[in-house]
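Undergrad: Pasting a structure below so you can have a look.
The values are calculated or read from the model by the stated rules, or taken from the named source; none is laboratory data. The model shown is predicted, which means the values in this text are computed figures rather than measured ones. Here Cβ is always computed from backbone atoms with ideal geometry, including for glycine, and neighbour counts include all displayed protein chains.
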Amino acid sequence: MRMELPDLTGKVAVITGASRGLGAGLAKDFLARGMKVALSARSPQPFEDGEHVLTRQFDVSDPKAMAEFSSAAVAQFGQIDLWINNAGIIHPVVKARDLDGPALYQSLDVNVLGVLYGSQNFVRHVESRSGEGVLLNISSGAAYSGMSGWAAYCMGKASVDRLTETFQLEEAEHGVRCYSVAPGIIDTDMQAQIRDCKEEVFPNVAQFHEYKAQDLYNTVRHVAKHLLQMAFAPSARPDTVSARIPAEKG
């Protein structure tokens, strides 16, 4: 069933991990719809600051930097309507018995604590003003079942699902709607990293080469439409906090 979006002109969205891939694609899509965006990433972003764009370069696992980013977005745009915690990393791709050290800690810092810090700032902002706010935490199919070689990533995304459910229980009374969304397979830099994995560590790598060969990826436009429907089209709201975007092809 085709579902039209309302006019989103002037709506404000925060997107983390916006230097490339899904985050950058969402930002471009939202701007084309007349929205305003506040964007963060560890790397430089392909956007210029202006009336409709605010950018900041920092690591999402830095709670002070996240708080300053949130405050800057509110100062420039007045309020935030939609917050998307998108920043994430796939590495380390190793067997669970070999997980240890800085690579593991960085994975959990970015994939779990980064989502926590972003979510905390958003729910506090929504509580401080009138009206509803929507929190979308980008999850993965890896949250639903274990995958060999992906222990760190699976742990992180499963944590995101449970964390989002907890925020929904605690913050619904303050006007926050929370969803943890698996966007499907998208051909980003992360997917290129996955295809470069060794089969002895990640036995499913051939499946991802097949996705590429058959061009079965979801487009960013498809993902953006579904995320915006979840946020702003009442009839498209998921029945559960953990949701999946349907496959676009195949």
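Undergrad: Go through (1) at pLDDT 95 or above; (2) loosely packed, with under 15 Cβ neighbours inside 10 Å for Q229 and report which single condition fails.
TA: (2)
Undergrad: Let me ask something else. What do you reckon, is S148 out of contact with any helix residue (DSSP H, G or I) (no Cβ under 6 Å at 6 or more places or on another chain), outside any strand (DSSP E or B) and under 17 Å from V94 (Cα atoms)?
TA: Yes; evaluated as a whole, the condition is true for this residue.
Undergrad: If only one of S148, S140 is crowded, with 19+ Cβ neighbours inside 10 Å and either touching a Pro at 6+ places or on another chain (Cβ under 9 Å) or not polar (S, T, N, Q) (or both), which one is it?
TA: S140
Undergrad: Moving on. Applying the selection to region 97-128, what residues are among the basic types (K, R) and surrounded by 13 or more Cβ atoms within 10 Å (Cβ to Cβ)? Walk me through how you get there before you give the answer.
TA: Let us first name the residues in region 97-128 that are among the basic types (K, R), namely 97, 124.
The answer is R124, and nothing else.
Undergrad: What residue, among those in region 174-191 that are under 20 Å from A143 (Cα atoms) and of a type in the set (G, A, S), is farthest from the chain's Cα centre (by Cα)?
TA: Per the stated criteria, the residue is G184.
Undergrad: Check region 31-39 and report whether any residue there is touching a His at 6+ places or on another chain (Cβ under 8 Å), over 30 Å from W150 (Cα atoms), assigned to a helix (DSSP H, G or I) and not aliphatic (A, V, I, L, M).
TA: No, there is no match, as no residue in region 31-39 is touching a His at 6+ places or on another chain (Cβ under 8 Å), over 30 Å from W150 (Cα atoms), assigned to a helix (DSSP H, G or I) and not aliphatic (A, V, I, L, M).
Undergrad: So, one more: Looking at S159 and the list (1) part of a helix (DSSP H, G or I); (2) touching a strand residue (DSSP E or B) at 6+ places or on another chain (Cβ under 9 Å), which single condition is not satisfied?
TA: (2)
Undergrad: Considering region 40-66 alone, what residues qualify as being surrounded by fewer than 16 Cβ atoms within 10 Å (Cβ to Cβ), in a strand (DSSP E or B) and of a type in the set (S, T, N, Q)?
TA: Scanning region 40-66 gives a single hit, Q57.
Undergrad: When region 72-89 is examined, which residues are found to be farther than 14 Å from V126 by Cβ and surrounded by fewer than 18 Cβ atoms within 10 Å (Cβ to Cβ)?
TA: Hits for region 72-89 are A72, A75, Q76.
Undergrad: Report whether or not Y179 is of a type in the set (F, W, Y), surrounded by 20 or more Cβ atoms within 10 Å (Cβ to Cβ) and under 15 Å from G88 (Cα atoms).
TA: no
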